[in-house]
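Dropping a structure here in structure tokens format, bear with me for questions.
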Amino acid sequence: MLDFQRDYWETRLRFPDWYSRLEDELTSLFFPVVHDDPRLKAFRNQVYALIAELLARRELPLAAAGPDLDTARQPVDTVVIHHTEEDAAISLDRLSAIGLVRQYAFQYLADNVLGHRVRGQPIWSNHFREGQMVFFAYHWLIRSDGTAERLLEDSYIGWHAGDWQINTRSAGIALSGNYEAAIPPLPQIESAARVIHSYYPHVSRNSIVGHREVRKDLTCPGAYFLETWKDVLVNSV
Ligand SMILES: [Zn+2]
């Protein structure tokens, strides 16, 4: 199954309900959380690259209109820190393609986007960046060199925490890279702190948390967050 057949995927991705036509593959190969499986990750990346390419060429059908999915947005009182667990230099197109699959296709297959019955319909995120529909889970992406990239406006609810109540009132900040078993470079940690200082100054220190503190079953943003670099980050805000 891990032999990437571009034609197979591309043919299906051109239908508005592409996720239904690829349900078996998405369910078995894309939705499970895996950490140490380079073959599977390489396969996923071939699919994500194709999806990013089709999105860029506007050849993957998306909804032309849809409901306002951000009506439950609350003032931001929480910041959730993530890592992408992807290549640190990942393109934003690729990151959006990953969100399209892992967050949006997942909800459309479950036939439930905030109570809307959606299965079979083309996907709608309600989120736009530079005139294009985007599927980012996070509000910010912080690069290893400290560059901060705005992904979602703060008026948008990011689907990042795996907890809807927290999503409605939080900003998601992702450090680009895989920090499962490594500590992020200091400029990256300090940049995340600067973003919090500049954009979310009213968030209390106790409300700056790692994804793993919201969802105890996950390891994001990595093994060293709680004991090593969380304090560095919080003390730099
Ligand atoms: Zn996370």
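Only helices (runs of 4 or more DSSP H) wholly contained in the range 141-237 count here; list those with 3 or more residues that are in contact with a Phe, Trp or Tyr (Cβ under 9 Å, 6 or more places away or on another chain), more than 15 Å from the ligand (Cβ to nearest atom) and farther than 24 Å from residue 34 by Cα.
On the way: elements: 164-168, 186-199, 211-214, 230-236.
Where helices (runs of 4 or more DSSP H) fall fully within the range 141-237 and carry at least 3 residues being in contact with a Phe, Trp or Tyr (Cβ under 9 Å, 6 or more places away or on another chain), more than 15 Å from the ligand (Cβ to nearest atom) and farther than 24 Å from residue 34 by Cα, they are 186-199.
Any residue in the range 54-82 that's in a loop (DSSP other than H, G, I, E, B) and of a type in the set (Lys, Arg): show its pairings with residues that are open to solvent by less than 40 Å² (accessible area, probe 1.4 Å) and within 16 Å of the ligand (Cβ to nearest atom) at Cβ separation under 6 Å, as long as the two are six or more apart or on different chains.
73/157
A follow-up question, please. Test of understanding: among 109, 141, which residue is hydrophobic (A, V, I, L, M, F, W, C), more than 29 Å from residue 183 (Cα to Cα) and out of contact with any His (no Cβ under 8 Å at 6 or more places or on another chain)?
Result: 109 is the single residue among 109, 141 that is hydrophobic (A, V, I, L, M, F, W, C), more than 29 Å from residue 183 (Cα to Cα) and out of contact with any His (no Cβ under 8 Å at 6 or more places or on another chain).
Further, regarding this structure: What do you reckon, is residue 199 open to solvent by less than 60 Å² (accessible area, probe 1.4 Å) and among the aromatic types (Phe, Trp, Tyr)?
It is false that residue 199 is open to solvent by less than 60 Å² (accessible area, probe 1.4 Å) and among the aromatic types (Phe, Trp, Tyr).
Here's something else I'd like to know. So which of 47, 134, 76 ends up being among the aliphatic types (A, V, I, L, M), more than 23 Å from residue 172 (Cα to Cα) and surrounded by 15 or more Cβ atoms within 10 Å (Cβ to Cβ)?
Going through 47, 134, 76 in turn, the sole match is 47.
The values are calculated or read from the model by the stated rules, or taken from the named source; none is laboratory data. In this text the structure is predicted, and so the values were computed from the model without any measurement. Reconstructed Cβ throughout: ideal geometry from the backbone, glycine too, with neighbour counts over all protein chains shown. Heads up: the accessible areas ignore ligands, DNA and RNA and are worked out on the full protein's heavy atoms, side chains in. Shrake-Rupley method; radii C 1.70, N 1.55, O 1.52, S 1.80 Å.
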